[in-house]
Every structure is written in C-alpha cells, then in structure tokens.
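See below for the structure under consideration.
Bear in mind that the values in this text are calculations on the coordinates, not laboratory data. Because the structure is predicted, anything quoted here is derived from the model rather than measured. FYI the Cβ positions are ideal-geometry reconstructions off the backbone, even for glycines, and counts take in every protein chain you see.
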There are 2 protein chains.
Amino acid sequence: MDAIPSHFLLSPLSTLSSSSAKRSLSLPSSRSSKFQISASSSLMESQNEGQGKFMEFPFVTASHKKLMVDLVSTLENRFEKQLLPCKLPPDVQYYQNESGTAQASLQIRSGQSDSLVDFVLGSWIHCELPTGASLDITSLSAYLNLSTDAPNFLIEVIRSSPTMLVLILDLPPRKDLALWPDDLKTFYEDTQIDTQRQALEKIPEIQPYFSSSLYIRTVSSPTAIMVRIETEAGGGERVEEIIAKHLDPISKQVLGIWLDHCACAKRDVGEIERALLKKRDGIVRKKTLEVDLDSSFPRLFGTQVANRVLEAIKEYFDV
Amino acid sequence: MDAIPSHFLLSPLSTLSSSSAKRSLSLPSSRSSKFQISASSSLMESQNEGQGKFMEFPFVTASHKKLMVDLVSTLENRFEKQLLPCKLPPDVQYYQNESGTAQASLQIRSGQSDSLVDFVLGSWIHCELPTGASLDITSLSAYLNLSTDAPNFLIEVIRSSPTMLVLILDLPPRKDLALWPDDLKTFYEDTQIDTQRQALEKIPEIQPYFSSSLYIRTVSSPTAIMVRIETEAGGGERVEEIIAKHLDPISKQVLGIWLDHCACAKRDVGEIERALLKKRDGIVRKKTLEVDLDSSFPRLFGTQVANRVLEAIKEYFDV
C-alpha cells in the first residue's frame with residue numbers, strides 16, 4: 001500500500017458517520033449570498049450537469065464504473081422520492097486544481113424529513129501522480145439519521161495503478177457493539193454479512209488491508225471488508241476480472257443487506273440513546289475530518305478549492 | 001484454521017473483560033464447605049503444587065514454553081506484592097477429563113485492594129485430538145479494575161499441529177474508542193503498538209487470522225495481533241524459529257507497553273464513567289462466557305469437571 005498515500009483513505013468518502021441532525025440545506029453564508037444572485041433556473045441546469053458529471057466516472061475502467069453506477073442507481077431507485085436532488089453548487093459538484101492534474105466530483109443528496117436517510121454522498125477523485133500513473137478513488141456512502149441507530153453504508157474503491165486496488169466495504173456501526181451484542185446479532189450475525197468477506201478471502205490476489213489510521217480501523221465493523229488486490233506487472237486484466245466477477249456482486253450483496261436490514265429497519269431509539277448517538281456521530285465525524293481532510297485536500301486541490309469543498313461537506317456533516 | 005475448533009478461541013483465556021468489582025475470594029458455597037473441611041496447610045500445599053503445574057507448561061515446545069514462562073514471570077515480578085497467591089482449589093488449578101485425553105491448568109491471582117489489577121489469569125489446555133494430533137492452548141490475561149479505564153492485556157497461543165499456530169495478542173479496550181479518540185491516542189497511537197503487528201505482517205508464513213466469533217472481533221482493539229502461522233508439512237522447526245525470533249520478542253514488547261502505559265497509568269475515572277465501565281465490563285464478560293465456555297467446556301472435560309471450573313471462573317468474572 002506504500003504506493004497509495006494513506007490519507008486518501010480518509011477522504012470524505014470514508015468519514016464513517018452520519019449527520020446528527022437534519023440541517024438546513026442552505027450553503028454557508030458567504031457562499032449562499034453568491035448563489036442567491038444566480039438565477040435559480042441556471043443553477044438548476046448547472047446542478048444537473050454536476051449530477052451527470054458524477055455518474056460519468058470518466059477516469060476509471062469499465063468494470064469499476066459499472067460497479068459504481070449500479071450501486072448508485074440501486075440505492076437511488078430504492079429510495080425513490082425519499083432523496084432530495086443534490087443542492088451543492090456546481091463548483092463543488094465538480095472541481096479541480098489549478099493545473100488540472102487533480103479532478104473530482106461530489107454529489108450529496110439529503111433524505112426527505114420523513115426518511116431515515118440523513119444523506120447519501122457519492123464522489124470520485126482522479127489524480128495524476130508524478131510517477132505518470134494515476135490514482136482514482138470512487139466512493140458511495142449513506143448516512144442514516146437519529147430516528148434510527150442502524151449502521152451506515154460505505155464503499156470506497158481506490159485504484160492506484162492498473163495492478164493495485166483497495167476496497168473498503170462496510171456497514172460502519174453507530175453504537176459500541178461490545179455494549180450492544182443484540183445489535184451485533186441483528187445487523188451482522190443474522191444477516192450473514194461475513195460470508196461476503198470470507199468469499200473474497202479465498203481469492204489468491206486478495207489480502208487484508210490495514211488502514212494506517214487507527215481511528216478508521218476503530219470505527220469499522222467486525223465484518224468490514226478491507227482488502228488489497230495486487231497482481232503482477234501486466235496483470236491489469238486480472239484486476240478487471242476480479243472487479244467484475246467478485247467485487248461487483250459482493251458489493252451489491254452488502255448494499256442489499258444494508259437496504260433490507262438497516263436502511264428500512266424500524267428501530268426504537270429512546271431519548272438517552274438518541275443523545276448518545278448524536279454525540280458519537282458528531283465525534284466520529286469531527287475526528288475523521290480533523291485527522292484527514294483538513295490536511296490532504298489543500299495539498300491535492302489548493303487552499304481555495306479545498307476550503308470551498310470542505311465548507312460544503314461540513315455543512316452536511318454538521319461539524 | 002479449520003483444524004482448530006473455533007470455540008477454543010473463546011476459552012477463559014480470551015474472555016476480554018475485567019471483573020467489575022473486587023469480589024470475595026471465597027469459593028461458591030457448595031465447594032467452600034468442602035474445602036473448609038480440609039486442613040488449611042494441606043490446601044496450601046496443594047495450591048503450591050497447582051502453581052508449579054501451571055508454570056510447567058508440560059505439553060508445549062521449548063520456545064512456546066519459554067515465551068509463556070517469561071511473560072508470566074515478567075508480569076508477576078513487576079507487580080510483586082500487588083498480587084495475592086492463587087486461591088483456586090487444587091482440582092481447578094489442575095483438571096482433566098475422565099479418559100485423561102484432555103488436561104488443563106488454571107491459575108488466577110487477584111490484585112491487592114490498593115492495586116489497579118483486578119486479577120491475572122493464566123492457563124494451559126492440552127487435548128489429544130481424534131486425528132492423533134494434539135491441541136495446545138496457552139494463555140495469559142490481565143484485567144484491571146474500576147479504578148482505571150485503561151485496557152486489559154491478553155495473549156493466547158494456540159497450536160493445533162506442529163505446522164500450525166494462532167496467536168492472539170492484544171490490549172482489549174474497555175471503552176468505545178470511537179467515542180474516546182484521546183484514549184485511542186494515549187494507549188494505541190502514542191505507544192506505537194501497531195509497529196509490533198506490522199513487524200509480524202512481513203513474515204511470509206504469517207497471515208491475518210479472523211476469529212469466527214464476531215463478538216471476539218468486536219471487543220478487540222484496532223491494533224490487535226490476530227495471526228495464523230502455517231508452514232508446509234514438516235515445517236515444525238520453522239514454526240519454532242518464528243516463535244523464538246518473532247513472537248517471543250513481540251509479545252514481550254506488547255506486555256511491556258501494557259505494563260508501562262496501561263497497568264500503571266493514573267487515570268481519572270468519574271462516577272458516570274465508572275458506572276458505564278462496570279456495565280460494559282459486565283456485558284463483555286457475560287456475553288463471552290455465554291457464547292463459548294458454557295458449551296465447549298462440557299464437551300472437552302465432561303459436565304462435572306466443566307461446571308466445577310466454570311463456577312470458579314465465574315466467581316472472578318463476577319457474572
């Protein structure tokens with residue numbers, strides 16, 4: 001994993017928490033005023049363009065793109081009208097650094113007020129490396145709100161060369177499972193989600209991956225799929241085959257488990273539990289942003305762009 | 001790991017919790033009366049014999065025995081007079097099944113009332129398998145009391161054949177580290193304990209090991225060393241070499257970190273935190289015993305012996 005800067009794994013894509021409360025969808029004040037000046041129709045058009053850009057996944061391979069598009073579509077179709085359109089400004093939905101060597105797209109869709117979904121965040125980042133290779137990170141994460149204590153959903157696919165890929169696929173818990181073994185049973189044992197991890201374990205090119213951030217390990221579930229796929233030089237086709245034959249169906253299974261057993265589960269969250277959930281979600285969010293994005297984003301995209309994107313993300317993460 | 005019954009990993013040796021309160025050292029009532037009849041001097045002699053038996057580690061290889069004896073001695077020497085002698089009855093300090101195919105030794109030493117140590121538990125189990133091979137599990141765990149919220153210590157070495165070994169080496173946290181990132185920093189980041197896991201990762205015969213119990217994974221720390229060492233047929237000597245050259249120094253490093261930074265750390269535990277700590281310790285203990293020992297011990301040692309040993313353990317675990 002030395003080829004992949006470890007901080008990339010702590011991109012917005014892997015901030016494993018959910019917003020603790022419905023927040024206003026207004027942009028930060030300095031930005032709101034700018035967009036209030038724009039005609040709303042042209043803003044809408046730009047947003048639609050942004051949406052298109054996100055779903056293009058223009059820099060990744062065919063099997064990688066298919067995996068991501070299918071997951072985003074499955075999730076969006078399942079929630080149908082529960083999700084509001086992405087309200088991010090166009091220059092946050094798509095952004096790049098000055099030289100154009102780093103490009104990215106971000107989409108955040110909030111859940112309606114009667115939904116259990118807080119928001120769904122999708123992203124891709126493409127970065128040309130000094131070595132001539134490129135780094136591509138695609139991610140999709142879904143955060144539930146405080147009406148439920150069920151886990152969130154997260155997938156992150158990191159391709160740092162044709163022969164190397166890291167997959168993080170998890171239902172990050174929102175409670176201390178050691179203290180709540182019944183929740184462990186409900187969401188992780190009864191759903192048999194670990195069979196997906198076990199299936200990947202059998203493939204010779206796949207090795208467990210340990211994030212260099214202990215905090216990221218801490219907030220992962222006991223069935224988290226964190227794997228590195230590495231083939232020999234020239235083995236890019238084998239990586240494609242592994243994506244199509246294994247990562248694709250397994251990620252769909254995990255999303256299916258989340259949709260069926262977490263995102264739609266009726267949970268009884270008492271007042272005290274809700275307060276703790278809010279506190280925990282908040283700390284996880286704050287800590288993850290603190291250790292990661294504040295330093296890596298300016299390096300990748302320059303201070304101005306990084307600040308713009310981070311401010312927008314922080315609005316949703318409520319920190 | 002198919003050769004090792006998964007429930008062995010949930011032996012008393014890996015019940016990753018600490019007793020929530022100083023408990024009386026008296027035996028369960030039915031047994032106390034028996035021992036009250038014994039002359040105290042002969043009981044003392046039997047206890048000393050039990051202690052000797054535990055430290056013999058009679059069935060494991062030389063390097064495996066050295067590792068265990070050194071760890072037990074280091075821990076006992078460091079605590080010196082803080083630990084009371086083992087008060088377990090002789091037939092709990094050493095026990096076997098009817099046919100003699102399964103033998104085991106158990107030692108539990110409580111901390112003095114002014115110590116941060118709740119109790120230290122050491123054990124070995126030797127079991128002849130129907131295949132002709134034998135299974136040996138040795139373990140040492142140390143549990144802190146409610147005066148501190150620092151992590152516990154645990155090592156478990158499982159040898160199911162000359163060419164196969166599993167090591168579990170961890171400082172199991174006693175708090176939800178996602179909620180307490182400062183504790184993660186203090187005990188796991190600042191101590192650089194993960195460098196020990198990283199060192200083992202580089203050895204080709206060593207692979208990460210995933211416990212079949214999601215609960216055991218849940219109560220592990222983010223730097224837990226859970227590895228399987230497997231060599232080719234006839235590779236027993238290589239396993240010995242790996243124990244002596246790698247597992248031995250690394251387990252001593254981890255114990256050293258625990259002794260220096262956890263077992264002796266002055267921690268300020270407020271009343272509310274202490275109550276939560278007691279609740280969490282209690283649930284972890286109860287759950288671990290429930291999912292494991294209640295079923296595996298009777299299978300190994302027969303109902304009568306199993307009940308005797310389990311009752312004694314439960315006294316210390318306060319469940």
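Here are a few things to note about the model shown:
- For GluC sites (Glu not before Pro), the sites in segment B:193-242 that DSSP calls loop and that have at most 13 other Cβ atoms within 10 Å are B:GLU232.
- Tensor-based shape of segment B:48-200 (alpha-carbon gyration tensor, a/c under 1.5 rounded, otherwise prolate or oblate): oblate
- Taking the Kirkwood radius as Rh and the Cα radius of gyration as Rg, segment B:122-276 has a ratio of Rg/Rh equal to 1.01.
- Per-residue packing, averaged as other Cβ atoms within 10 Å, sorts the ranges B:304-310, A:283-289, B:139-145 into the order B:139-145, A:283-289, B:304-310, beginning with the highest.
- Relative contact order %, segment A:59-317, counting alpha carbon pairs below 8 Å whose residues are six or more apart: 19
- Peptide-level mean, for B:277-284, of C-beta atoms on other protein chains within 10 Å: 2
- Expressed in units of 2.2 N^0.38 Å, where N is the residue count, the Cα radius of gyration of segment B:212-319 is 1.42.
- Here the peptides B:126-135, A:65-74, A:161-170, A:113-122 are ranked by packing, the mean other Cβ count within 10 Å, and the order with the highest first is A:161-170, A:113-122, A:65-74, B:126-135.
- Loop-located GluC sites (Glu not before Pro) in segment A:70-108 whose Cβ has at most 15 other Cβ within 10 Å (DSSP): A:GLU98
- When the Cα gyration tensor is reduced to axis lengths a ≥ b ≥ c, the ratio a/c is 1.5 or higher for segment A:59-317, and with a/b not above b/c it is classed as oblate.
- Contact order relative to length of segment B:176-273, as percent, for alpha carbon pairs under 8 angstrom and 6 or more apart: 28
- Alpha-carbon centroids, segment A:224-293 and segment B:105-136: separation in whole Å: 37
- Mean separation of Cα contacts under 8 Å, 6 or more apart, over the residue count of segment B:104-208: relative contact order %: 16
- For the residue pairs B:LYS66/B:LYS252; A:LYS287/B:LYS278; A:LYS185/A:LYS279; A:LYS185/B:LYS314; B:LYS87/B:LYS314, alpha carbon separations beyond 18 Å are given by A:LYS287/B:LYS278; A:LYS185/A:LYS279; A:LYS185/B:LYS314.
- Segment B:149-193 and segment B:54-102: distance between their alpha carbon centers, rounded to Å: 21
- Averaged over A:217-225, number of beta-carbon atoms from partner chains that fall within 10 Å: 5
- Other copies of A:THR74: label-to-label distances in nm, shortest first, labels 7 Å along the beta-carbon direction: 4.7
- Per-residue mean of foreign Cβ neighbours for A:177-188 is 5 (Cβ atoms of other chains, 10 Å radius).
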